[in-house]
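> Before I ask anything, let me first share the structure, which is written out below as structure tokens.
Please treat every number below as a calculation from the coordinates, not as lab data. Just so we're clear, the structure is a prediction, and the values are computed from it rather than from any experiment. Cβ sites come from the backbone with ideal geometry, for glycine too, and all protein chains shown count toward neighbours.
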Ligand SMILES: Nc1ncnc2c1ncn2[C@@H]1O[C@H](COP(=O)(O)OP(=O)(O)OP(=O)(O)O)[C@@H](O)[C@H]1O
Ligand SMILES: [Mg+2]
């Protein structure tokens, strides 16, 4: 298995945010994580990427325990995150932001500056602009491109459509099949259930720090999602 969490728990001080989360992501797979505000989706992403450090065996990469590694070490293993809120380096240009992604992990693969500019042509036009001079959608494209520059095996995307116009969301989601074609597995954290189901092979729904539903995206019903999302029958 490319990635696995086993009875993963996480806390902020005294506050427990995750209570034994088990998920798997196979190589090349696209998995969606859905759930209401505060369900623990971002905490799960932070636990996988080493922003929050856990017991080693709570997160496994190709069977090896990585739960206690730092985020830099996790990234070197080929797990890249597009964080919630994009988090570009504000004093750097688009191109500099992208190049930093490539410096974190230097391995051969399909992604380099040209490939990212082909994926998001507007970024080539804006390459010398500062990251913060861009629209929200363009900033999101930089954040995705920066993660891709490390040629990850697994790309974690935390709410990449949040606050963006539908036409921009469409462009960003159109990039994901091309990312998969490059061989990467993808996890999308998404509030938009329709978008999540359209792009993913499988879906996990979280509520209050637990997984409440695991299903194939093609099979799952609205009633099942409603129940898992709100903890009540539809
Ligand atoms: N830095 C933090 N300090 C303390 N509590 C936090 C922190 N970050 C998140 N939490 C709490 O942990 C729980 C899970 O939050 P998390 O951000 O993982 O949820 P989420 O599913 O990503 O929500 P959203 O959809 O709003 O992004 C929430 O109750 C939240 O208030
Ligand atoms: Mg979140």
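> On a 0 to 90 degree scale, rounded to 10, what angle separates helix 94-104 from the longest Cα axis of the chain?
With both axes taken from Cα atoms, the answer is about 60 degrees.
> Mind checking which of 184, 115, 147 has the largest fluctuation in a GNM of the chain, springs on alpha carbons under 10 Å?
Between 184, 115, 147, it is 115 that shows the largest mean-square fluctuation.
> Rounded, prolate or oblate: which one fits region 44-92, using the alpha carbon gyration tensor with axes a ≥ b ≥ c (rounded when a/c is under 1.5, else prolate when a/b beats b/c, else oblate)?
prolate
> Also: Evaluate E = 1/(1 + (r/R0)^6) for residue 230 and residue 51, where r is the Cβ-Cβ distance and R0 equals 30 Å; express this FRET efficiency to the nearest 0.05.
0.60
> Then there is this: In which sequence would 61, 226 go, from the one with the fewest C-beta neighbours within 10 Å to the one with the most?
So the ranking, lowest neighbour count to highest, is 226, 61.
> Where does the chain land at 222 nm, in deg cm²/dmol rounded to the nearest 500, when only DSSP H runs of n ≥ 4 count, each adding -39500 (n - 2.57), divided by all residues?
-10000 deg cm²/dmol
> Sorted from largest to smallest, which semi-axis lengths in Å does the alpha carbon gyration tensor of the chain give for its equivalent ellipsoid, taking the root of 5 times each eigenvalue? Let's see the in-between values first.
Details: eigenvalues 154, 85, 52 Å².
Equivalent ellipsoid of the chain: 28, 21, 16 Å, largest first.
> With just the Cα atoms defining each centre, how far is region 155-185 from region 193-216? Give it in Å.
Region 155-185 and region 193-216 have Cα centres separated by 16 Å.
> Hey, another quick one. DSSP beta bridges in the chain, what fraction antiparallel, as a percent rounded to 5? Please report the intermediate quantities before stating the final value.
Details: 20 of 38 bridges.
Looking only at bridges with both residues in the chain, the antiparallel portion is about 55 percent.
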